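> Before we start, here is the structure in question, set down as structure tokens.
The values are calculated or read from the model by the stated rules, or taken from the named source; none is laboratory data. None of these values were measured; they are calculated from a predicted model. Reconstructed Cβ throughout: ideal geometry from the backbone, glycine too, with neighbour counts over all protein chains shown.
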């Protein structure tokens, strides 16, 4: 019976020690924020000039742990442009492999991967890079909804 108390105490100490070691592990606090959630486009530039989004149009990007889809839709709820596919993200580099799309201007992107630098901070997504057609883009998105807080926005 004495050995069972000793083993139980040992397990508690080992568990506490593991938790403390994990908390002290370098980089544990600096884990990159996830892109998973629903994002609303705030601003966009192409080759340094503001992109003109038609009045009354909303642009959303829905990101799951493996895939993304973006949609442009009108006040009436009609989708005018949409596309999506698989993405990768390593904490600073974000790449979208466009597998499908519909609407004006989507055809040249299907089957191509667009790679960007991505920074997520304070509920904002800052994306920049050069698309496969040579267009330099800068986009700022704001978090509309996240898996952790679906009703926040």
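> Given the structure, is residue 88 in contact with a strand residue (DSSP E or B) (Cβ under 7 Å, 6 or more places away or on another chain), farther than 12 Å from residue 36 by Cα and in the same structural domain as residue 41 (by TED's automatic domain parsing)? Steps first, answer last, please.
Values: in contact with a strand residue (DSSP E or B) (Cβ under 7 Å, 6 or more places away or on another chain): yes; farther than 12 Å from residue 36 by Cα: no; in the same structural domain as residue 41 (by TED's automatic domain parsing): yes.
So residue 88 fails the test.
> For residue 140, work out the one condition from (1) closer than 18 Å to residue 44 by Cα; (2) exposed (fewer than 13 other Cβ atoms within 10 Å of the Cβ); (3) touching a residue at least 12 places away in the same chain (Cβ under 8 Å) it doesn't fulfil.
Condition (2) is where residue 140 drops out.
> Tally the residues that are loosely packed, with under 13 Cβ neighbours inside 10 Å and in a loop (DSSP other than H, G, I, E, B), restricting the search to the stretch 66-90. Let's see the steps before the verdict.
Here is the first cut: in the stretch 66-90, the residues loosely packed, with under 13 Cβ neighbours inside 10 Å are 66, 75-79, 88, 90.
Now narrow it down to the ones that are in a loop (DSSP other than H, G, I, E, B): 66, 75-78, 90.
Result for the stretch 66-90: 6.
> Tell me yes or no: at least one residue of the stretch 98-118 is within 15 Å of residue 41 (Cα to Cα), part of a strand (DSSP E or B) and modelled with pLDDT of 95 or more. Steps first, please.
Taking the stretch 98-118 and keeping what is within 15 Å of residue 41 (Cα to Cα), we get 118.
Filter again for part of a strand (DSSP E or B), leaving 118.
Next cut, modelled with pLDDT of 95 or more only: 118.
Yes - at least one qualifying residue is present in the stretch 98-118.
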